[in-house]
Amino acid sequence: MFVDPSIQELSLLDGASTSRVLNLASIAERCQGELEYTARPLFASPTINRSIILKHRVRPHEDFLFGGHTDVATKIVIPLDPKNLRKGGHSFFVNQRGFRTQLKEVGGHRNGTLERDANTLQLMAALPSLDPFILCEYLKLQEIEVANCYFAFAADDRSALQEFATGDVLALAQLVVGENAQTEAAAARLAAALVFEDAAAKLDPFRAMLTLNTEEFRNGIFAWRAFLFYKWRLHSLLPEIEPLVAELRALDPAKSAAKDQAYVRRAKRRVADWLELALEQTLECLEIYDAAYGIFTQNRKPHAFREFLLNAPDLFLHLSDKIGMLSHCAVVWQRRSRTPRIGAAKVLREMEGCFAVPPQPRLVTV
């Protein structure tokens with residue numbers, strides 16, 4: 001293990017979790033007295049269960065840890081003081097050389113729990129973001145059930161997502177029950193099943209209609225759920241991203257320390273350009289869903305939607321990556337707005353860290 005001064009940058013988030021940071025230390029402090037938290041921990045190791053897990057842009061000097069180039073890795077951070085991240089801490093990466101040895105050394109695993117925690121970490125590493133809602137659903141898909149307090153989803157957000165999804169699946173409800181007094185109620189039930197319940201079991205008639213096997217349908221339903229969530233998330237992010245880009249472009253480098261002014265001048269343009277491109281690619285990805293769904297519900301041709309569901313897990317990874325960038329940058333920028341003493345250079349470096357590889361100008365789909 002080594003002391004990692006970059007951990008200090010996490011203080012920008014003031015203990016919050018984002019799509020790129022899961023702050024288990026903060027969750028432990030908030031939930032440690034709850035019975036469910038004790039009974040169904042995310043990790044068996046108390047140390048790992050109080051760590052901070054983040055998606056990290058791998059620097060060139062860190063490539064040797066993986067035996068080759070890696071764009072983004074999942075980092076496990078053990079802070080020296082969870083209440084004061086400026087003190088730094090120890091860290092290591094999932095799937096780096098000697099990963100299990102590091103995990104065992106830090107976690108103090110007993111009675112076969114090492115493999116359980118290693119497997120959970122590797123599943124988390126396979127996702128491009130750590131969005132709590134998606135992470136919770138993904139772990140359920142892998143039959144890993146943990147306490148709900150790890151994945152806080154406010155009642156207002158749950159209600160807003162339910163309402164948004166109901167409107168989105170109204171056309172599908174019309175296809176099933178026709179346009180009558182029961183259509184909206186059917187849409188609400190369908191939305192609840194898709195977003196919050198065991199949809200694969202409840203929607204088995206759709207599986208037969210789409211001629212998918214059980215595994216294909218389970219994976220497709222997860223991705224469908226993710227697309228609905230991210231479509232709603234983008235709807236709530238748009239009022240934040242567009243002003244953010246404008247404020248970045250208007251940022252005055254002269255207000256930064258002299259040593260940072262050249263960096264701020266270059267970085268503000270890079271980050272603004274990357275955010276605009278990530279937003280464009282997010283919209284393109286959601287258009288693929290809308291087009292396939294429209295052919296299914298309006299033209300009553302399920303083949304296009306069947307192909308979408310088969311390809312959706314790959315598209316989900318692309319969409320999750322882009323939404324993760326947009327969401328994390330929005331949280332960091334809000335934090336700076338609330339705390340003016342945080343310098344522009346520090347914020348821009350954190351935002352640039354989201355873009356391990358700058359978004360390519362065209363979305364390639366299967």
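The values are calculated or read from the model by the stated rules, or taken from the named source; none is laboratory data. Predicted model only: the values in this text are computed from it and were never measured. Every residue, glycine among them, receives a Cβ derived from its backbone with ideal geometry; neighbour counts consider all protein chains shown.
Name the residue, out of 140, 83, 87, 104, that is under 26 Å from residue 315 (Cα atoms), assigned by TED's automatic domain parsing to the domain that holds residue 24 and among the basic types (Lys, Arg).
Answer to the selection: 140.
Residues being of a type in the set (S, T, N, Q) and buried (at least 18 other Cβ atoms within 10 Å of the Cβ) are represented in segment 273-282 by at least one member. Listed here are the helices (runs of 4 or more DSSP H) enclosed by segment 257-366 that have at least 2 residues being under 30 Å from residue 208 (Cβ atoms) and at pLDDT 90 or above: 261-298, 302-338. Test residue 96 against the stated conditions and say whether it is under 22 Å from the mean Cα position of the chain (by Cα), in a loop (DSSP other than H, G, I, E, B) and modelled with pLDDT of 90 or more. Spelling it out, residue 96 is indeed under 22 Å from the mean Cα position of the chain (by Cα), in a loop (DSSP other than H, G, I, E, B) and modelled with pLDDT of 90 or more. Here residue 165 passes the criteria (1) assigned by TED's automatic domain parsing to the domain that holds residue 48; (2) crowded, with 18+ Cβ neighbours inside 10 Å except the one numbered (1).
Restricting 39, 44 to those that are small (Gly, Ala, Ser), closer than 21 Å to residue 104 by Cα, at pLDDT 90 or above and more than 20 Å from the chain's Cα centre (by Cα) reduces the list to 44. Determine, yes or no, whether residue 230 is among the hydroxyl-bearing types (Ser, Thr, Tyr) and farther than 25 Å from residue 119 by Cα. Considered against the rule, which asks whether it is among the hydroxyl-bearing types (Ser, Thr, Tyr) and farther than 25 Å from residue 119 by Cα, residue 230 comes out as yes. Among the criteria (1) in contact (Cβ under 8 Å) with a residue 12 or more places away in the chain; (2) assigned to a helix (DSSP H, G or I); (3) more than 21 Å from residue 320 (Cβ to Cβ); (4) acidic (Asp, Glu), the one residue 137 does not fulfil is (3). Answer yes or no: is there a residue in segment 288-298 that is over 24 Å from residue 56 (Cα atoms) and in contact with a Lys or Arg (Cβ under 7 Å, 6 or more places away or on another chain). Looking through segment 288-298, at least one residue is over 24 Å from residue 56 (Cα atoms) and in contact with a Lys or Arg (Cβ under 7 Å, 6 or more places away or on another chain). Entry remark, segment 28-55: residues being in contact (Cβ under 8 Å) with a residue 60 or more places away in the chain and surrounded by 20 or more Cβ atoms within 10 Å (Cβ to Cβ) number 8 in total. Tell me whether segment 143-154 contains one or more residues that are more than 24 Å from residue 317 (Cα to Cα), outside any loop (DSSP other than H, G, I, E, B) and either in contact (Cβ under 8 Å) with a residue 60 or more places away in the chain or touching a Lys or Arg at 6+ places or on another chain (Cβ under 8 Å) (or both). Scanning segment 143-154 turns up at least one residue that is more than 24 Å from residue 317 (Cα to Cα), outside any loop (DSSP other than H, G, I, E, B) and either in contact (Cβ under 8 Å) with a residue 60 or more places away in the chain or touching a Lys or Arg at 6+ places or on another chain (Cβ under 8 Å) (or both). Of the residues making up segment 202-215, none is outside the structural domain of residue 296 (by TED's automatic domain parsing), farther than 19 Å from residue 164 by Cα, at pLDDT below 90 and surrounded by fewer than 20 Cβ atoms within 10 Å (Cβ to Cβ).
Look at residue 312 and say whether it is in contact with a Gly (Cβ under 7 Å, 6 or more places away or on another chain) and within 30 Å of residue 245 (Cβ to Cβ).
It is true that residue 312 is in contact with a Gly (Cβ under 7 Å, 6 or more places away or on another chain) and within 30 Å of residue 245 (Cβ to Cβ).
Yes or no: residue 260 in contact (Cβ under 8 Å) with a residue 12 or more places away in the chain, charged (D, E, K, R) and buried (at least 16 other Cβ atoms within 10 Å of the Cβ)? Yes: the conditions hold for residue 260. Among the residues here, residue 296 qualifies as over 19 Å from the mean Cα position of the chain (by Cα), surrounded by 18 or more Cβ atoms within 10 Å (Cβ to Cβ) and of a type outside the set (Gly, Ala, Ser).
Considering segment 1-15, the residues that are in a loop (DSSP other than H, G, I, E, B) and under 14 Å from residue 83 (Cβ atoms) include one that is modelled with the highest pLDDT, namely 14.
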